[in-house]
Amino acid sequence: MQNFSQNSSLTHLDSSGEARMVDVSAKQPTLRIAVAAGQVRMLPATLAAIEAGNAPKGDVLGTARLAGIMAAKQTSQLIPLCHPLPLQKVEVQIVADPQLPGYQIQAEVKTKAETGVEMEALTAVSVAALTLYDMAKALEKSMQIEAIRLVSKTGGKSGDYSAI
């Protein structure tokens, strides 16, 4: 069998090629910030109904925002091999975009830890989008969740990243 630890930079594989949680105990905690974004595309009538507060299930945007925050806090229970992190900030913004039409979703997550918060930011956006869909599906089942991506991250050994 190939020795993966010597022949690969895949940090989530052990020497036998088996998945493992990366040992970050030797790393110093540093400030880490990640921003992720995504969007939910819908018909103009659906956007108008949500904006007017006429969705059958109630507060679509408030519920989706709260779901995103809660999801970020639960990321290590959802994503195998993801470290549980002490999050100092989770902010989820959901903004109407009539040009889409639909909503732009952005999450910013911050911690001081040994590893980054990219997965937490991406999870926050994903679950906020899914919750928005769930809250508004009675209005439109053809809504599309799109373009979930990492926008930026700071801190850590790999340095800063910006998609812009």
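The values are calculated or read from the model by the stated rules, or taken from the named source; none is laboratory data. Small disclaimer: the values here were computed from a predicted structure and weren't measured. Here the Cβ positions follow ideal geometry from the backbone for every residue, glycine too, while neighbour counts run over all protein chains shown. Calculation scope for accessible area: heavy atoms of the full protein, side chains included, ligands and nucleic acids excluded. Shrake-Rupley method; radii C 1.70, N 1.55, O 1.52, S 1.80 Å.
Relative to the current alpha-carbon distance between Gln104 and Ser162, full extension at 0.36 nm per residue lengthens the span by 19.1 nm. For Asp97, the residues 5 or more places off, or on other chains, whose built amide H falls under 5 Å of its own are Gly102, Tyr103, Gln104.
The magnitude of the dipole of the chain, with charges of +1 and -1 set on the Cβ of Lys/Arg and Asp/Glu and taken from the Cα centre, is near 180 debye. Accessible surface calculations at 1.4 Å, restricted to protein heavy atoms, place segment 71-138 at 45 Å² per residue.
Helix 118-136 and the longest principal axis of the C-alpha atoms of the chain enclose an angle of approximately 20°.
Which one of Lys137, Lys110, Lys73 has the biggest mean-square fluctuation once the chain is modelled by GNM with Cα springs under 10 Å? Largest GNM mean-square fluctuation: Lys137.
In the chain, helical runs assigned H by DSSP with n ≥ 4 each contribute -39500 (n - 2.57); averaged across all residues and rounded to the nearest 500, the mean residue ellipticity at 222 nm is -8500 deg cm²/dmol. Projecting the Cα positions of Gln88, Val117, Ala107 onto the charge dipole of segment 86-128 (unit charges on Cβ atoms of Lys, Arg, Asp and Glu, taken about the Cα centre) puts Gln88 furthest along the positive direction. Of Ser16, Ser142, Ser152, the residue with the greatest mean-square motion in the GNM of the chain, using alpha carbon springs below 10 Å, is Ser16.
Think of the chain as a dipole: +1 on every Lys or Arg Cβ, -1 on every Asp or Glu Cβ, centred on the Cα centre; then among Gly58, Ser126, Gln74, Gln74 lies furthest on the positive end.
Straight-line cross-link reach from Lys153 at under 30 Å between alpha-carbon atoms covers these lysines, not counting any fewer than eight positions away in the same chain: Lys27, Lys73, Lys89, Lys110, Lys112. Remark: segment 65-82, residue by residue, has Karplus-estimated 3J(HN,Hα) of 4, 5, 4, x, 5, 4, 5, 4, 5, 10, 3, 5, 8, 9, 10, x, 6, 7 Hz, where x stands for each Gly or Pro and the curve is 6.51 cos²θ - 1.76 cosθ + 1.60 at θ = phi - 60°.
The relative contact order of the chain, computed from alpha carbon pairs under 8 Å that lie at least 6 residues apart in sequence, is 34 percent.
Atom-type composition of the exposed protein surface of segment 42-162 places 56 percent of the accessible area on carbon and sulfur (1.4 angstrom probe). Comparing Ala147, Ala129, Ala71 in a Gaussian network model of the chain (Cα springs below 10 Å), the most mobile by mean-square fluctuation is Ala147.
Can you give the extra length, in nm with one decimal, that the chain gains between Leu43 and Ala138 once fully stretched, where that is 0.36 nm per residue apart less the Cα-Cα distance?
Here the segment from Leu43 to Ala138 would lengthen by 32.9 nm.
Overall, segment 51-143 carries a charge dipole of about 200 debye about its Cα centre when +1 sits on the Cβ of Lys and Arg and -1 on the Cβ of Asp and Glu, all other atoms neutral. Placing a pseudo-label 7 Å from each Cα along the Cα-to-Cβ vector at Glu18 and Lys112 gives an inter-label distance of 3.7 nm.
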